[in-house]
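This report refers to the structure that appears directly beneath it.
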């Protein structure tokens, strides 16, 4: 049995010998024995440091709050994948991979904040001022300002403002990320009000990712924490379906119409048409290409 | 339009020439589709898991590991159980350049996004690496034997004999010099959380040690699995929880790969001839020669099929040498 790694990479994250596993210099078993929490270990993993108590509390709050969100795109993925009854990890992986530019775009929000904090420094503006610049630049370009609005929680994500308040309680109000984020929220809604548009509250990217940034996590590390953390609840949803639901999600024997029941399909494409014979194919295909109607449907 | 291909064959189950077109109308007889869940719901103003509002939970001071308990077990854990889950998750977080980290690094090499790498790392968990599902089912079989009247030691001997040499056994040569697995079991005991899995596992260790010619002891799979089961997580839940836990560190490996290594382009990586052990190089027959140079892959009799099967097993990478056992329905009645 070879215990050599597949990749011979220099790594600053960890090493593992026959005697111990060491993460950023700390023996993992010693950390666990000492009574550190999983959240403490995440600081060691991503930042190479043990957090203050308040920092650990904030991460525990944020991840606890973010873990479960009932039916979101990620949970829907888990449900859909497990309906085919693959191994459970496939459904959980799919759930985590659902996170992208619309669902939980934490890294992008983090990079946006970094860019404007740097501009505040270079352009000698306050964070309040640069928040207004950010809002105007995004809105003038017709772009969505990240961290605001949630399609299901129309009056404001119930988790978001409490997360901001906990952030201010545990980490203070005088730090760069919370100041910039608050400024963005204020100017965004002031401008919308001036334009006669409704109020849009901060969402969990705006609140949660701001807290993670303030805690010292890089945009990608923060994104990883958020998205992977959701993997746990998606696993629970998948497991529920696996143990108590029906595979394939199309059974006629269920009292409720199932997700993949034939009646759930609404078709909006080209009308039914005859399949040309192979002898007609070349002429048919040429005409079809020339007419160009297919372009309406091409993806 | 005339008949196409075999679509007038009388053996078809219905008339293909006169099939209905269009989609199926909405089913008005049954309740409309809803995302049914026992785990959680949300409305415009709240998110509720197993009856608890998640914002109220965190405002009360509960945290991420509490909510894992709530999601999977529908209960708030004891403080000792919470400590033990934290312990297990710290130990599950990082494992050096093992499979999940490698998966994340390979995905990173394609210059993709973090969530793809984190998700890919979860796929590393199977029935060998991180085999908590298979391990738990093995122990559950042992516990079923105990319920049927066997002693723990007798049950352990049966499952040890059945599973010796398997990667999901939880007893191996992997941690003879690393005390971490033993310390984990001692912590479960110290916290007063021992239920039925750790006692059975201890008997399994003894049974495997008796059967094995080489020194073996409990490994991380055995320790972490039995600890997680004794705090109430099912094998499947354990599998998922710890795979996700590892994905946090896989994200870290993704980032390091992105920071320090160049991306890999299509066509860039070569496979040296000396690594190749397949058929010798040979000329491609012309299409005209095809009928005279190739043979079919069909077999008319079980005897011929068996000869072909054995021959095909010798060609690596075809899948024929992987023989999976499926349950015998005669034994399932």
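Computed from the coordinates by the stated procedures, all read-outs in this text should not be read as laboratory data. On a predicted model such as this, the values are computed, not experimentally measured, just so you know. Cβ placement follows ideal geometry from the backbone for every residue including glycine, while neighbour counts extend to all protein chains displayed.
Some notes on this structure:
- Helix-only mean residue ellipticity at 222 nm for chain A, each DSSP H run of n ≥ 4 adding -39500 (n - 2.57), per residue, nearest 500: -16500 deg cm²/dmol
- Between 0 and 90°, nearest 10: helix B:64-73 axis offset from chain B longest Cα axis: 70
- Highest mobility in the GNM of chain B, judged by mean-square fluctuation with C-alpha springs under 10 Å and restricted to B:147, B:94, B:236, is found for B:147.
- Average partner coverage of B:94-107, which counts Cβ from other chains inside 10 Å: 5
- Chain A: most fluctuating residue of A:251, A:198, A:279 per GNM, C-alpha cutoff 10 Å: A:279
- Of B:51, B:61, B:136, the residue with the greatest mean-square motion in the GNM of chain B, using alpha carbon springs below 10 Å, is B:61.
- Computed log₁₀ I(q)/I(0) - Debye formula, equal Cα scatterers, no solvent, the protein assembly as shown, q 0.07, 0.09, 0.10, 0.11 Å⁻¹: -0.58, -0.91, -1.07, -1.21
- Between helix A:106-122 and chain A: long-axis angle, C-alpha atoms, 0 to 90°, nearest 10: 50
- Computed label-point distance, nm, for sites residue B:273 and residue A:129 using a 7 Å Cα→Cβ extension: 6.9
- Cβ-Cβ FRET estimate between residue A:291 and residue A:265, R0 fixed at 30 Å, reported to 0.05: 0.65
- Hypothetical label at residue A:20: residues of region A:32-48 whose amide nitrogen lies under 17 Å (7 Å Cα-Cβ projection): A:32-36, A:41, A:44-45
- Near-label residues of region A:219-263 by backbone N, under 13 Å of a point 7 Å along Cα→Cβ of residue B:29: A:252-257
- Cβ-based exposure ranking for A:256, B:228, A:264, in which fewest neighbours within 10 Å come first: A:256, A:264, B:228
- Shape class of region A:16-136 from the alpha-carbon gyration tensor: oblate, with a/c at 1.5 or above and b/c at least as large as a/b.
- Residues of region B:1-45 with amide N under 20 Å of the 7 Å Cα→Cβ point at residue A:277: B:1-9, B:16-18
- Förster-model FRET efficiency, 51 Å R0, residue A:121 and residue A:197, C-beta, rounded to 0.05: 0.95
- Linear extension gain, residue B:173 paired with residue B:292, 0.36 nm per residue minus alpha-carbon span: 37.4 nm
- Working note: Cα atoms of chain A, range along each principal axis, descending, whole Å: 73, 67, 46.
- Crossing angle, helix B:132-147 versus chain B [Cα axis fit, 0-90 degrees, rounded to tens]: 70
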